[in-house]
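For reference, the structure is listed below as structure tokens.
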Amino acid sequence: MEFKVPTMAELMAAGEEPEILFWVGCAGSYDERAQKITRDICKILHHVGIKYAVLGTEEGCTGDPAKRAGNEFLFQMQAMTNIEVLNAYNIKKIVTGCPHCFNTIKNEYPGLGGTYEVIHHTQLIQDLINEGKLKAEGGESFKGKKITYHDPCYLGRGNGVYEAPRKALEVLDAQLVEMKRCKSNGLCCGAGGAQMFKEPEKGKKDINVERIDEALETNPQVIAAGCPFCMTMLSDGVKLKDKEQEVKVLDIAEITVRANGL
Amino acid sequence: MVAQILFLVITLAAIALFSFNFRKIIRNIRLGKSADRKDQPQKRLLTMLRVAFGQSKMVVRPIPAFLHFFVYIGFVIINIEVLEIMIDGLFGTHRVFHGIGGLYNFLIGSFEILALTVWISCAIFLVRRNILKLKRFKGVEMTNWPKSDANYILIVEILLMSVFLLMNAADAKLQLLGSTHYTVAGAFPVSQYLMNILPSSESALVMIERGCWWFHIIGILAFLNYLPYSKHFHILFAFPNTYFSNLEPKGEFTNMASVTNEVKAMLDPSFVPTETEAGKFGAKDATDLTWVNLMNAYTCTECGRCTAVCPANITGKLLSPRKIMMDTRDRITEIGKNIDKNGAEHQDGKALLDDYITREEIWACTSCNACVEACPVNIDPLQIITELRRYAVMEESQAPASINAMLGNIENNQAPWKYSPADRFNWANEN
């Protein structure tokens, strides 16, 4: 990266506190495709000059997939370990690029002693646009391009965040088209509830293919995502349909970075 | 006088039988574990008013919402008429409320129009189920009984409305004939067209009018007693079910207090555990679920909106959220029957998991909450699926192999994949 990503340990050593902690998540840390999104979120934070930090190697899985799979023990072990770290650093506000981490930290950590203001990166982007700190200038133009946004379940239905990602796209002056099943009626990509880590049960079709068929019906140039798991499922779907040349699957952070030439 | 006594006896017997069966359902629901749903009474009341009274979640599907609205409003408003029928039946009066004058004519006229719209709506519903054969009404769980149940309800409602209109037609004709006892009262915007098909002899008309009157009221009392055996129970339980529904974000799963105790004790040996309900982790049988889950099951009217939006079901997997609810209801009813027959300690060797709901079903869920969102009365099938998974994983260590591998990775590497925790920050070193 062109700049150094600050860690909490470094800030603490320098006697400083960040305005916001960027919770990267496991996919954002290890998955190659998601790593790009992670770096783009850092670019946005760096560009607007927000004082932020990451936990680096001190971060561990929130426990979300364990909890959805039914292993409450493992979930709470992870949660309490993370809460201890977060509280030790006196964290107040968290932004994350993963709706699963977002949901877990925001809703399930408070009961275990970890209460923070948690936002998803699309909400951060929306705030920055509203404050005039982010525009869609100086980079790739999305003007007139057909973009369809796929609602991640844990952001949309799970937490009622439907507008922020759409506002972040509206600024592009692109042509936003909705899929037939969108917002509260959005169709899952097929990865939630720990499905990401297993083969699907037998059926007629894979869920991500069902979703991609629907997305392709809108004839999009870009399918916008806001979740690393949706990213994997949607990209796999586009690949399977042999549409990689015509249709790009991009996270809203990536689109923002491109539009602003960061 | 004989008629009045007969009416009183039938009414009392019907009410007694209904309360007997109703109390059994309440007893069955109370077999569930505790759950605190007494917080935020104002918000709960508003939810109930919006979702149950206001039918706010029905509008997603406009055609059935429109038709259902007529049946619903008909049900609520025509019950005012039932009150008059009750008083007339007990005291031998006829159209006792007619004294209120113009308003009475307006009310009877409105009831007639509503009765007609209920009649038409139910007829269309029958066509949708039996002739158009909508996909939503099919599925593995839609066996003979649920299908017949739906048809019985619609046919009975059509019959009740038919006799109600026929009764008014006979009454109107008797009023024209100046028959004694048939006070001139009411307006008959619908049934006036039925007058022509009726005979003109006074005694025949009285027989028809009385026959319809008795059929109508006995039909209503019989229908009341059918409710506890039927999916139609939702007309009562939709209200408490929405009142006690989950107010937290849908993405939030409950934290298990019993686990918190153990995890805290593990992390901090000096920790003193708080009191929690002992027992197994998760649910194997219906009695391991909470009373809210069980009330959900009795509220389900098997409309299938949940299954129609379930990504697993849409793509041909075995999972159907509607089946989860129907299985839960059937199982808790079976447990209740066992208790009645053999006492509270009786075990029949069966359980909700495996004997009703298979592992394949629970592991096909993506926890996307589409079913919860779609339910017009705020039923939550996901919570039941989660509890069954909790039992499978924590009590039996029985999860699909790849799930176990993922859990092992989190335990060892702090990530669901097999990467070294030391490499977690490597992303920052690349472009």
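The values are calculated or read from the model by the stated rules, or taken from the named source; none is laboratory data. Please read these numbers as outputs of a predicted model, since none were measured by experiment. In this analysis, Cβ positions are derived from the backbone assuming ideal geometry, glycine residues included, and neighbour counts consider all displayed protein chains. Calculation scope for accessible area: heavy atoms of the full protein, side chains included, ligands and nucleic acids excluded. Shrake-Rupley method; radii C 1.70, N 1.55, O 1.52, S 1.80 Å.
Structure notes:
- Residues in the range B:345-374 occluded by at least 30 Å² - accessible area, probe radius 1.4 Å, against chain by itself: B:360, B:363, B:366, B:367, B:368, B:373
- Per DSSP, loop chymotrypsin sites (Phe, Trp or Tyr not before Pro) in the range A:1-56 with at most 13 further Cβ within 10 Å: A:3
- Note on B:379-391: average number of Cβ atoms from other chains within 10 Å of each residue's Cβ is 2.
- Between helix B:144-177 and chain B: long-axis angle, C-alpha atoms, 0 to 90°, nearest 10: 20 degrees
- Measuring from each cysteine beta-carbon in chain B, the ones with no other cysteine beta-carbon under 4.7 angstrom are B:122, B:212, B:300, B:303, B:310, B:365, B:375.
- Of the residues making up the range A:137-180, those losing 10 Å² or more of accessible area when the isolated chain is joined by the remaining protein chains, with a 1.4 Å probe, are A:153, A:154, A:157, A:158.
- Relative contact order for the range A:135-260, counting Cα pairs under 8 Å that sit 6 or more residues apart, in percent: 35 percent
- Heavy-atom accessible area ranking, 1.4 Å probe, most first, across B:11, B:333: B:333, B:11
- J(HN,Hα) series, the range A:119-131, from Karplus relation 6.51 cos²θ - 1.76 cosθ + 1.60, nearest Hz, glycine and proline x: 10, 8, 4, 5, 6, 4, 4, 4, 4, 5, 5, 4, 7
- Accessible carbon and sulfur surface of the range B:257-399 relative to its total accessible area, %, 1.4 Å: 51 percent
- Chain A, relative contact order [Cα under 8 Å, separation at least 6], %: 20 percent
- The string of couplings for the range B:110-116 from the Karplus curve (6.51, -1.76, 1.60, θ = phi - 60°) is 5, 4, 5, 5, 4, 4, 5 Hz, one whole number per residue in order, with x for Gly and Pro.
- Remark on the range B:116-255: hydrodynamic radius 18.2 angstrom, per the Kirkwood mean of 1/r across alpha carbon pairs.
- Using C-alpha pairs below 8 Å separated by at least 6 residues, the relative contact order for chain B is 20 percent.
- Given +1 at the Cβ of Lys and Arg, -1 at the Cβ of Asp and Glu and no other charges, the dipole of the protein assembly as shown around its Cα centre is 1580 debye to the nearest 20.
- Note on chain B: with a GNM built from Cα contacts shorter than 10 Å, the maximum mean-square fluctuation among B:131, B:78, B:220 falls on B:131.
- When the charge dipole of chain A is built from unit charges on Cβ atoms (+1 for Lys and Arg, -1 for Asp and Glu) and taken about the Cα centre, the candidate among A:55, A:95, A:114 whose Cα reaches farthest toward its positive end is A:95.
- Cα-centre dipole for the range B:281-431 with unit charges at Cβ (Lys and Arg positive, Asp and Glu negative), debye to 20: 300 debye
- Mean residue ellipticity (222 nm) of the protein assembly as shown, computed from DSSP H runs ≥ 4 via -39,500 (n - 2.57), nearest 500: -16500 deg cm²/dmol
- With a 10 Å cut-off around each Cβ of A:74-84, the average count of Cβ atoms from other chains is 5.
- Rolling a 1.4 Å probe over the heavy atoms of the protein chains gives the range B:283-431 an accessible area of 35 Å² per residue.
- For residue A:146, residues with placed amide H under 5 Å, excluding near neighbours: A:175, A:221, A:222
- Using the 1.4 Å probe convention, the accessible area of the range A:1-133 works out to 33 Å² per residue with neighbouring protein chains retained.
- Between 0 and 90°, nearest 10: helix B:2-30 axis offset from chain B longest Cα axis: 10 degrees
- Remark: for residue pairs B:133/B:284; A:205/A:248; B:173/B:231; A:4/B:264, the C-alpha separation exceeds 30 Å in B:133/B:284; B:173/B:231; A:4/B:264.
- Apolar share of the accessible surface for chain A: 47 percent from carbon plus sulfur atoms, 1.4 Å probe.
- The trypsin sites (Lys or Arg not before Pro) found in the range B:113-161 that occupy coil by DSSP, while having at most 16 further C-beta atoms within 10 Å, are B:133, B:138.
- Within the range A:184-218, GluC sites (Glu not before Pro) in DSSP loop having at most 15 other beta-carbon neighbours inside 10 Å: A:217
- Residues whose placed amide H lies under 5 Å from that of residue B:290, excluding near-sequence neighbours: B:33
- Prolate/oblate/rounded label for chain A (Cα gyration tensor, a/c 1.5): oblate
- For chain A, built as a Gaussian network whose Cα springs stay under 10 Å, the top-fluctuating residue of A:207, A:94, A:223: A:207
- In order along the range B:386-399, the phi-based Karplus estimate (6.51 cos²θ - 1.76 cosθ + 1.60, θ = phi - 60°) of 3J(HN,Hα) comes to 4, 4, 5, 4, 4, 5, 4, 7, 8, 8, 10, 6, 10, 10 Hz; Gly and Pro are listed as x.
- Under a Gaussian network description of chain A, with springs only between Cα atoms under 10 Å, the residue in A:180, A:198, A:51 that fluctuates furthest is A:198.
- The protein assembly as shown: C-alpha gyration tensor shape, a/c 1.5 cut-off, then a/b vs b/c: prolate
- The range A:135-260 shape via C-alpha gyration tensor axes, a/c threshold 1.5: prolate
- Accessible surface buried by the B/A pair amounts to about 5700 Å², both sides summed, 1.4 Å probe.
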